[in-house]
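Novice: I have a structure I would like to understand better, so I am pasting it below and will then ask my questions one at a time.
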């Protein structure tokens, strides 16, 4: 089961003519992929959805097992207003509804975000030939066919085949004791020592405000440049060997614009982004260009329900569901807590739904970095990636709890 889900390249993206899309391409796609779309329509409880564009209005009308495309705007349902660029980007999988929400650009005269997200899954199913998710369609099995033990934690001594199988099935992996307490203690000291190297608004750090009004540094980018221990871990065989877990030739390339980030997650954040609700890392777009990358979280301190642990939705990387904000009531997949000890590592695929719980009693410290698939396009090579990055980081400086980035 490969985790390389890429089907598009940036150079293949084309401008979308709205009339051609709604009069020809979408009706053809709905008819061609009816068998993979129809079973999931009942779960969504769709209502008519109108798209108002620069060149006209069209309405998508759900029937029992098919979708009708009609010219004009059906005012009884939901409605979204999209510019020509937004419509092209949406069709080309460069953005999702969450991109517009996060960037403050979503315009819906009728209905709400839930309507748009439901119809987004239908559009992706039709345009990308992906089956709509039906509850029970994702089964999680161990190598011997028994139910997967979702609470299992591994070590580097466990066979690679077992670790890889678990990751492919569940979309995440918990590895205990990868690094020592002494190594993590040194990195924690480095984090304290270099707080003063970052300033609010410097473009290489994120800040948040806590309930008592304190402005706190919560994310230090390029931390390997500050911490010799962090830099050495990125060259350590224990770390580099994690790339083999996915089995698709992943290589350590780091995050957007920096190799590794150090996060401090304080208690009682009221403004700015520190802890992120349910989302996939592709929630702002480009799933078909980049998924699945492999995100590694190195626990500098332990984490549990009181100190901001990671939570994941098992099997969500194999399900076409909302890219963010989805709850168990909507997807029915298992939600799993990932309490970690100091020096543990969590891995998750970029399509896996996950969230970071807000710390309730004590802060959490963690570092995040990423392994990418062969042929990955660097940030500076893609205008679309730059736009998404600007949307994400611009919103995160002022808005609390927006989805779209690793927690």
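The values are calculated or read from the model by the stated rules, or taken from the named source; none is laboratory data. Here the structure is a predicted model, which is why all the values come from computation and not from measurement. Here the Cβ positions follow ideal geometry from the backbone for every residue, glycine too, while neighbour counts run over all protein chains shown.
Novice: Which of the residues belonging to the stretch 52-95 are surrounded by 14 or more Cβ atoms within 10 Å (Cβ to Cβ), assigned to a loop (DSSP other than H, G, I, E, B) and either free of Cβ contacts under 8 Å to residues at least 24 places away in the same chain or in contact with a strand residue (DSSP E or B) (Cβ under 9 Å, 6 or more places away or on another chain) (or both)?
Specialist: Of everything in the stretch 52-95, those that are surrounded by 14 or more Cβ atoms within 10 Å (Cβ to Cβ), assigned to a loop (DSSP other than H, G, I, E, B) and either free of Cβ contacts under 8 Å to residues at least 24 places away in the same chain or in contact with a strand residue (DSSP E or B) (Cβ under 9 Å, 6 or more places away or on another chain) (or both) turn out to be 73, 74, 77, 82.
Novice: Taking residue 29 and the conditions (1) in a helix (DSSP H, G or I); (2) more than 19 Å from residue 116 (Cα to Cα), which numbered condition does it fall short on, given that it satisfies the others?
Specialist: For residue 29, the exception is condition (2).
Novice: Something else: Select from the stretch 294-309 the residues that are crowded, with 23+ Cβ neighbours inside 10 Å and in a loop (DSSP other than H, G, I, E, B) and write down the one among them that is modelled with the lowest pLDDT.
Specialist: 308
Novice: Does the stretch 138-147 hold any residues that are touching a residue at least 12 places away in the same chain (Cβ under 8 Å) and over 23 Å from the mean Cα position of the chain (by Cα), and which are they?
Specialist: 141, 142, 143
Novice: Out of everything in the stretch 315-354 that is closer than 16 Å to residue 136 by Cβ and either without any contact (Cβ under 8 Å) to a residue 60 or more places away in the chain or within 11 Å of the chain's Cα centre (by Cα) (or both), what residue ends up being surrounded by the most Cβ atoms within 10 Å (Cβ to Cβ)?
Specialist: Selected residue: 316.
Novice: Then there is this: Can you go through 116, 30 and tell me which one is buried (at least 20 other Cβ atoms within 10 Å of the Cβ), touching a strand residue (DSSP E or B) at 6+ places or on another chain (Cβ under 8 Å), within 19 Å of residue 286 (Cβ to Cβ) and not assigned by TED's automatic domain parsing to the domain that holds residue 334?
Specialist: 116
Novice: Another question about this same structure. Regarding the stretch 14-34, can at least one residue be identified that is modelled with pLDDT under 95 and within 25 Å of the chain's Cα centre (by Cα)?
Specialist: Looking for residues that are modelled with pLDDT under 95 and within 25 Å of the chain's Cα centre (by Cα), one finds at least one in the stretch 14-34, hence yes.
Novice: From (1) over 18 Å from residue 20 (Cα atoms); (2) within 26 Å of the chain's Cα centre (by Cα); (3) touching a residue at least 12 places away in the same chain (Cβ under 8 Å), pick out the condition that doesn't hold for residue 114.
Specialist: It fails just one condition, (3).
Novice: Between a residue in the stretch 153-164 that is in the same structural domain as residue 243 (by TED's automatic domain parsing) and at pLDDT 95 or above and any residue that is in a loop (DSSP other than H, G, I, E, B) and surrounded by 13 or more Cβ atoms within 10 Å (Cβ to Cβ), which pairs come within a Cβ distance under 6 Å, given they are 6 or more apart or on different chains?
Specialist: Taking only residues 6 or more apart or on different chains, the pairs are 164/247.
Novice: Let me ask something additional. Taking residue 235 and the conditions (1) surrounded by 18 or more Cβ atoms within 10 Å (Cβ to Cβ); (2) assigned to a loop (DSSP other than H, G, I, E, B), which numbered condition does it fall short on, given that it satisfies the others?
Specialist: Tallying (1) surrounded by 18 or more Cβ atoms within 10 Å (Cβ to Cβ); (2) assigned to a loop (DSSP other than H, G, I, E, B), residue 235 fails exactly one: (1).
Novice: Return yes or no: is residue 21 in contact with a strand residue (DSSP E or B) (Cβ under 9 Å, 6 or more places away or on another chain), buried (at least 20 other Cβ atoms within 10 Å of the Cβ) and within 27 Å of residue 9 (Cβ to Cβ)?
Specialist: Considered against the rule, which asks whether it is in contact with a strand residue (DSSP E or B) (Cβ under 9 Å, 6 or more places away or on another chain), buried (at least 20 other Cβ atoms within 10 Å of the Cβ) and within 27 Å of residue 9 (Cβ to Cβ), residue 21 comes out as yes.
Novice: Of the conditions (1) more than 20 Å from residue 303 (Cβ to Cβ); (2) assigned to a loop (DSSP other than H, G, I, E, B); (3) within 22 Å of the chain's Cα centre (by Cα), residue 212 clears all except one; give me its number.
Specialist: Against the list (1) more than 20 Å from residue 303 (Cβ to Cβ); (2) assigned to a loop (DSSP other than H, G, I, E, B); (3) within 22 Å of the chain's Cα centre (by Cα), residue 212 comes up short only on (3).
Novice: Can residue 126 be described as without any contact (Cβ under 8 Å) to a residue 24 or more places away in the chain and either on the phi < 0 side of the Ramachandran plot or assigned to a helix (DSSP H, G or I) (or both)?
Specialist: So residue 126 does not fit the description; no.
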